[in-house]
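What follows is a short report on a single structure.
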Amino acid sequence: MLAGGVAIFAFVLGLLTAALVRRPAREGDPATGIWLWTLGLGLPLATLAALTVYGLVMGERLLPRETPDLVTVEAEARQWAWSFAYSDAPGLVTVDVLHIPAGLPVDVRITSVDVVHSFWVPRLAGKLDAIPGHVNVLRIEAQAPGTYAGQSAEFSGTGYREHTFTVEAHGPAAWNAFLQGAP
Amino acid sequence: MNQTGLHGTALRLHKTLARIWAPDPGWRGWLTTSNNNDIGRLFLCVATAFFVIGGLLAMLIRAQLATPGSAFMGPEAYNQVFTMHGTVMMFLFAIPFFEAMSMLLLPGMLGTRDLAFPRLGAYGLWVYIFGGTAVIIAMLMGLAPDGGWFMYPPLTSAAFSPGLGADVWLLGITSIEVSAIATAVEVVVTVLRYRAAGMSLSRMPIFAWYILVVSVMILTAFPPMILGSLLLEVERALDWPFFQVENGGDPLLWQHLFWLFGHPEVYIIFLPAAGMIATILPVMARTTLLGYGWVVAAAISLAVLSFGLWVHHMFTTGIPHLGLAFFSAASTLVAVPTSVMIFSWIGTLWKGRVRMELPMLWLIGFFATFVIGGLTGVMLAIVPFNWQVHDTHFVVAHLHYVLIGGYVFPMIAAVYFFQPLLTGRSSFFRLGGVAFWLVVPAFHVTFLAVHVAGLLGQRRRTWTYNEGQGWEVLNLVASVASFVMAIGFALVILDIAINTFAGLRGRRNQWNATTLEWAAANPSPNYGFASIPVVRGRYPLLKDPDLALRIAKGEGYLADTSRNRRETLIVATTTGEPSQVVVLPGNSILPFLLAVVTSTSFLAPLFKAYWLSGLALVGVIILALIWVWRLAPARTEGLVDAGHGSQLPIASETADPPGWWGSLFLLLADGVHFGSLLFGYAFLWTVAPNWPPPTYLSPELWPVVLAVGGAVALALAPRLMLRGIERGRVWPMLLMGAIGTLALGAAAASVMLARPDPASHAFDATLWLLAGHVAFHAALTLIMLGYLGLRRIAGHSLRVGEARIVGLWADFTAATSLLALGAAWLPGAFG
Ligand code: HEM
Ligand SMILES: [Cu+2]
């Protein structure tokens, strides 16, 4: 995408430079066909069509799909903390640390109790807003066990910068232990 | 005035016209003038002052971000500073600045003497000055808003922003939007009606097309925002729960209303700059614009498209997948008309021979910058990418590429280009070139670094960052470069100031431009043209360089000054045939006074002084009545001599006076406002979590009868009155209309009485707004009918035109009242 962008930029600026240094003896030929039909209309239509298809396909891949071994967790945002609850361990709540099993798809049900926040773990998925009164569902999946940094991505007042959390992805044994060890 | 070559008739004409169009002497003249030259200059200076303020705030931001963990500002201060920076730049600088430029240039380009409603222009200026100053004073007192320039509730609701800051934003910005709407109405009517003889739509200068499109966009994009601000302010002040989930509100409603405005806003800012480019660039290339029709079509399609795209600002709010796909595809589509414009401009340069003067230099700066901004914009429209960089500094960089590259650079080009017309002087020092070479490279260094910081994950609106995230160098570079850029901008302003006072007196039309504004003297006098030009093509000065002289000698229309008043020509909208002579108002303190009371009614709620607000509102009504009363002539003139052997009617005696056109477009804005209210109602109903409300409103029969009867009476009365005017019988119709408004008012009151607690649920609050809409418009129409009655009592003969104006408002009131009350009653009617 970046390469394409740079190419278009170079092309346009190249034309511009040529137009600037050109010194036609008399009023040049307008050549409306080339300038407006081909470059004005044709070029962006072709580029955009390709780009949109690519974007939609990519988007499709990120879409949650039905799977049997789906894990569901609740993420509730407030100024300025996140609390997480687990459908596999009722009553268990963790604050600012989200535990998930590695290698399994996880649905995060995101909401907020005060202002608008946004749930964002850059290495796991794009962001999704936490809006009071609404529940947005985000599908994430950590390939390997480990710790992933997460943060809120919607301005929420003075504590916004520090409104962060971490995601702990566990292997199967550790995940079970976590669910069992529920206090 | 350049006197050489002017003698005899021309000089006499100049002297008389200059006297007729002169402002009052002394400082008082600034308060009472309504001439577009004076108002435009003031507007331009004030907007520039706000640019400086916004720029200083930007410097504070960059100073804070220069180093990690900076102790310069804490989050409280930082949040106020970036919110104010965005707000000042968008609302107090960008929009007023192009309005000022169009006020100054439009009459000249169109070949007319002033804008359609000079006093409305003056009023808009003063409301803007008062509102903007109030916002700045509040900031200096530490009461600035701090919720970001898009002010999302619930963060900005009373519960989470208890202070005055959010109210300052809502009330101050709304008053400025009112001013923008006033200006937009004025510009639309000017472009459609006030032109040179023979200037058909297809002969209009390209800038007129652009500014026409932009003004219609203002009229359709600002009302949702005004409604949103009204809802939020009412929620903050009176606890009507539009955005509170527990009581049936929904914070997402704000986001929709805001972006319904916010996305078109971007094009409202870009298109005037594009209009300037399309005007200046061909002159700099010594040729004409390539593909005029294409460019007009591109501007119109950009405007239309921009209203379908608001959701792309909400990709992360959990929009259904299909919606995402649609809005994503539609968003990339705006690149098409933009690309048509860009290639039309490059093609224009290609066919001409470019001269590298200062305006051209800034246009090259535009190309180099804007194309990058457009490309990063397309990248942002791709959903998966958007999910990753949304709300990072990548977005900050993108938006500055578009705003500074696409707006500020072309506007600087425009100021340099039109400097001879505006000040009568041309560039003097080489300072302008130095400033250019400071600003443009420094801009790119700054915001390229900001792009990268965003890609590395630096979030926007965070007041600092920690060491060791790899952002230190980037931010330091961005900050240092931004200070260089700021020095460059300061030099630009200094350069223009020096030129204004000490530049060389330029000759007329120094660029050999081809459009009418360059036929005016240098600087353009208050009356604009000594006589209204006759044009036969799109580029009047191209084949006819002597046109200027003939205009000055009075060989156009309306060169006869014996009526001793400010006159200009109105033409048929499409063909440009001369059709009316309009008498423009003279100097008056009324616009200033009206602005004072309007601003009082807007700002008093800040101090919970609702009584003062109400009192000021009464003042608004009284002053407005005096205003129109003084404008309405008591006697009829019949046809007057317009020159070139044509006898034309005086505009106020025609069936479609400018006031009728103005009302039509004001009602367009009003209708969009009402439509947004219905949209909000439907949105809450279908999306908000705590719906349906505990009970609906079941209508009784009598209010329904009153509503229908009232609406019918109101719609009929003005129509019957048109016939009555000929026979001199208007009282029965006036009475009938008045009864209609009272019936509608009673029906509206019944809704409020039936649901006395608007704070209990968003449904009840919405009912009050719907009923309020009815009551407000019924009262307005009643006042207008009363005004006609007063004129009758004073013995004036009523005009068909004024009856038709009242008819427009009456029709609108009747129709929207039925819709509003119907929407209020329908859910309960079958319950
Ligand atoms: C003079 C050079 C300028 C610099 C160095 C500058 C710098 C910045 C920076 C660093 C931010 C991000 C603050 C943050 O999110 O933490 C910002 C935000 C913003 N700027 Fe500028 N800016 C400049 C000019 C402008 C201009 C000319 C406009 C508009 C015409 C503008 C409109 C905005 C807006 C709308 C925001 C978003 C504010 C918000 O997040 O609520 N800026 N600017
Ligand atoms: Cu947008």
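The values are calculated or read from the model by the stated rules, or taken from the named source; none is laboratory data. Treat the numbers as computed from the prediction; the structure is a model and nothing was measured. Every residue, glycine among them, receives a Cβ derived from its backbone with ideal geometry; neighbour counts consider all protein chains shown. Calculation scope for accessible area: heavy atoms of the full protein, side chains included, ligands and nucleic acids excluded. Shrake-Rupley method; radii C 1.70, N 1.55, O 1.52, S 1.80 Å.
Below, the figures for the structure above:
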quantity: Where a residue in segment B:443-471 is more than 27 Å from B:Gly488 (Cα to Cα) and more than 9 Å from chain A (Cβ to nearest Cβ) and its partner, wherever it lies, is of a type in the set (Gly, Ala, Ser) and assigned to a loop (DSSP other than H, G, I, E, B), with Cβ under 9 Å and at least six apart; calculated: B:Leu456/B:Gly470; B:Asn466/B:Gly69; B:Glu467/B:Gly69; B:Gln469/B:Gly457
quantity: Breaking point among (1) modelled with pLDDT under 95; (2) assigned to a helix (DSSP H, G or I); (3) open to solvent by 30 Å² or more (accessible area, probe 1.4 Å), for B:Phe776; calculated: (1)
quantity: Boolean, B:Gly40 is open to solvent by 40 Å² or more (accessible area, probe 1.4 Å), of a type outside the set (Phe, Trp, Tyr), over 27 Å from B:Asn475 (Cα atoms) and more than 14 Å from ligand 1 (Cβ to nearest atom); calculated: no
quantity: Extreme residue, nearest to ligand 2 (Cβ to nearest atom), among residues of segment A:136-183 that are surrounded by 14 or more Cβ atoms within 10 Å (Cβ to Cβ) and free of Cβ contacts under 8 Å to residues at least 24 places away in the same chain; calculated: A:Phe155
quantity: 2 or more residues within 16 Å of ligand 1 (Cβ to nearest atom) and free of Cβ contacts under 8 Å to residues at least 40 places away in the same chain: qualifying helices (runs of 4 or more DSSP H) within segment B:295-396; calculated: B:358-381
quantity: Given (1) within 16 Å of ligand 1 (Cβ to nearest atom); (2) in a helix (DSSP H, G or I), number of the condition B:Met73 does not satisfy; calculated: (2)
quantity: Among the residues listed as B:Ile626, B:Ile622, the single one being without any contact (Cβ under 8 Å) to a residue 24 or more places away in the chain and either touching an Asp or Glu at 6+ places or on another chain (Cβ under 9 Å) or farther than 30 Å from B:Asp250 by Cα (or both); calculated: B:Ile622
quantity: Subset of segment A:103-135 [open to solvent by 20 Å² or more (accessible area, probe 1.4 Å) and more than 14 Å from chain B (Cβ to nearest Cβ)]; calculated: A:Gly103, A:Leu104
quantity: Segment B:71-100 residues that are open to solvent by 10 Å² or more (accessible area, probe 1.4 Å), paired with ones that are assigned to a helix (DSSP H, G or I) and within 16 Å of ligand 2 (Cβ to nearest atom) (beta carbon under 8 Å, 6 or more apart); calculated: B:Met89/B:Leu403; B:Met90/B:Glu265; B:Met90/B:Ile269
quantity: Failed item, numbered, when B:Val712 is tested on (1) out of contact with any Ser or Thr (no Cβ under 6 Å at 6 or more places or on another chain); (2) open to solvent by less than 60 Å² (accessible area, probe 1.4 Å); (3) not hydroxyl-bearing (Ser, Thr, Tyr); calculated: (2)
quantity: Among (1) at pLDDT 75 or above; (2) open to solvent by less than 10 Å² (accessible area, probe 1.4 Å) - the single one B:Phe370 does not satisfy; calculated: (2)
quantity: Those residues of segment B:301-331 which are within 11 Å of ligand 2 (Cβ to nearest atom) and touching a strand residue (DSSP E or B) at 6+ places or on another chain (Cβ under 9 Å), in sequence order; calculated: B:Met314
quantity: Out of B:Leu227, B:Leu271, sole residue that is modelled with pLDDT of 95 or more, away from chain A (no Cβ under 14 Å) and within 24 Å of A:Pro132 (Cβ to Cβ); calculated: B:Leu227
quantity: Check on A:Ala7, exposed (fewer than 14 other Cβ atoms within 10 Å of the Cβ), at pLDDT below 80 and in a helix (DSSP H, G or I); calculated: yes
quantity: Criterion violated by A:Ala85 - all others in (1) out of contact with any helix residue (DSSP H, G or I) (no Cβ under 8 Å at 6 or more places or on another chain); (2) within 25 Å of B:Arg459 (Cα to Cα) satisfied; calculated: (2)
quantity: Search result, residues across segment B:319-350 that are over 29 Å from the mean Cα position of the chain (by Cα), facing chain A (nearest Cβ under 8 Å) and at pLDDT below 85; calculated: B:His321, B:Leu324, B:Ala325
quantity: Matching residues in segment B:487-530 - criterion: being touching a Pro at 6+ places or on another chain (Cβ under 7 Å) and under 28 Å from B:Thr33 (Cα atoms); calculated: B:Gly506, B:Thr515, B:Leu516, B:Ala519, B:Asn522, B:Gly528
quantity: Test: residue in segment B:456-468 that is part of a helix (DSSP H, G or I) and within 12 Å of ligand 1 (Cβ to nearest atom); calculated: no
quantity: Qualifying positions in segment B:102-117 - over 12 Å from the mean Cα position of the chain (by Cα) and assigned to a helix (DSSP H, G or I); calculated: B:Leu104, B:Leu105, B:Leu106, B:Pro107, B:Gly108, B:Met109, B:Leu110
quantity: Unique residue being small (Gly, Ala, Ser), open to solvent by less than 10 Å² (accessible area, probe 1.4 Å) and in contact with an Asp or Glu (Cβ under 8 Å, 6 or more places away or on another chain) when the list is B:Gly262, B:Gly352; calculated: B:Gly352
quantity: Qualifying residues in segment B:119-159 (those that are within 16 Å of ligand 2 (Cβ to nearest atom) and aromatic (Phe, Trp, Tyr)) - the one nearest to A:Val116 (Cα to Cα); calculated: B:Tyr152
quantity: Residue match in segment B:809-818 (condition: open to solvent by 30 Å² or more (accessible area, probe 1.4 Å), under 14 Å from B:Leu706 (Cβ atoms) and assigned to a helix (DSSP H, G or I)); calculated: yes
quantity: Matching option when the condition is surrounded by fewer than 24 Cβ atoms within 10 Å (Cβ to Cβ) and either without any contact (Cβ under 8 Å) to a residue 60 or more places away in the chain or among the aliphatic types (A, V, I, L, M) (or both), among B:Leu170, B:Leu155, B:Leu140, B:Leu106; calculated: B:Leu140
